[in-house]
1. Mind computing the radius of gyration and Dmax over the alpha-carbon atoms of the stretch 274-341? Å is fine for both.
2. Ignoring ligands, DNA and RNA, what percent of the 1.4 Å accessible area of the stretch 234-300 is carbon and sulfur?
3. Could you check the simple spin-label distance between Arg100 and Asp332, using points 7 Å along Cα→Cβ, in nm with one decimal?
4. Would you tally the net charge around Trp338, using a Cβ to Cβ cut-off of less than 13 Å, leaving Trp338 out, and scoring K and R as +1, D and E as -1?
5. Mind checking the full-extension length gain between Asp153 and Val169? Use 0.36 nm per residue of separation minus the Cα-Cα distance, one decimal, nm.
6. Taking only protein heavy atoms into account and a 1.4 Å probe, give the accessible area per residue of the stretch 186-341 in Å².
7. Under a Cβ-Cβ cut-off of 11 Å, what is the net charge of the residues other than Val298 that fall near it, where Lys and Arg count +1 and Asp and Glu count -1?
8. Test of the criteria: in the stretch 149-246, which GluC sites (Glu not before Pro) are in a DSSP loop and have at most 14 other Cβ atoms within 10 angstrom of their Cβ?
Amino acid sequence: MVPAMQLRTLAAGAIVSAVMGLAEAGVRSSSPEIVSPFDGPRASLAIEPPHVAAASAREPSSLTPDLRARGYNACWVPENGFGSYTHWQRLSMGQMIMPRSGGHTDDAGYDVVIHFHGHEAVRHAFVEVARGAVLVGIDLGNSSGPYERAFEDPNAFTRLLASVTRGLVEQSGDSRAHIRHLALSSWSAGYGAVRRILSRHPPGIDAVVLLDSLHSGYEPRSAGEGGSLHRVAGGPIAPLGDFAARAAAGDVIFYLSHSQIVPPGYASTTEVADYILNEVGGARTPRQGISPLGAELVSGFDRGGMHVRGYLGGDKPAHCAHAELLAEAVRDYLEPAWQTP
């Protein structure tokens, strides 16, 4: 048997959801449903990983040349345990990890990130980088449809927040425990939940993080209109566009990353990012950098609390590499702005 700390699938919990999936039939001006063509997760190994101390430099582990030579890649990374965080605790929907100690204000307020799609993928770097934020992970399938449908009921999000609060109370042992700041995050197909929640509960959200995770359809062509260019349909992503505008004004935080994957028949994350940038009158500037999992940064935009990052890559590993970027968003933008304990 292979030691658990050597192997872990980045896709545990049905997380390898590619944007190369099929668009829902007939989609044009509506947002497409992303369907994963990949297999499900491998079984977890039954060996308890050792406790790993929080990294003092607060940097996620890199895929070194040696690790890559041994077969690791952005979709299959070494197990690193939970560090200074608890193991997953079940909620009414999804699961939660929180600091074993600290991470709250004097009145028991916690900063919470609710992430949709790929809870184990984002956990890997999150526990090495986060200072004290709580992570809630929710996986509902390999397409964006189930994430949207889960929040069709206007009260579904309220029930989720109540469950998170109960979890905070139970784990901390403090009846005063509550959510102080709240972020919604998604990778790949999880954007369906973020979009639906934002359309109904924007005042209660302090930050949104989208990791290669926002798509839309195209506007129908008008009579006689030719050419190969499409116009991104703004209606389906209006709640995200409105939130981005608020972030650019400095009211909230909006972090969006995208790869260069070109999906069949609907707008890519790059096209949607360009659409949102155009809506706020923003322009990219060249950037350079390599993420620990090997994603190559080539462009960026920053205004107020709005941050857009463009990365190279149009294949499955390039898509997987975006999962770790939640850690960057938490470390560089969310926790500093919130002054997370």
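1. Just the Cα atoms of the stretch 274-341 yield Rg and Dmax of 13.1, 38 Å.
2. C and S atoms contribute 51 percent here.
3. Output for this residue pair reads 3.0 nm.
4. Net local charge, Trp338 excluded: -1.
5. This chain segment gains 3.2 nm when fully extended.
6. With the other protein chains kept in place, the stretch 186-341 gives 36 Å² per residue.
7. +2
8. Glu152, Glu225
The values are calculated or read from the model by the stated rules, or taken from the named source; none is laboratory data. Everything quoted here is computed from the prediction, not taken from an experiment. Here the Cβ is made from the backbone with ideal geometry for all residues, glycine too, and neighbour counts use every protein chain on show. With ligands, DNA and RNA removed, areas are computed over all heavy atoms of the protein, side chains included. Shrake-Rupley method; radii C 1.70, N 1.55, O 1.52, S 1.80 Å.
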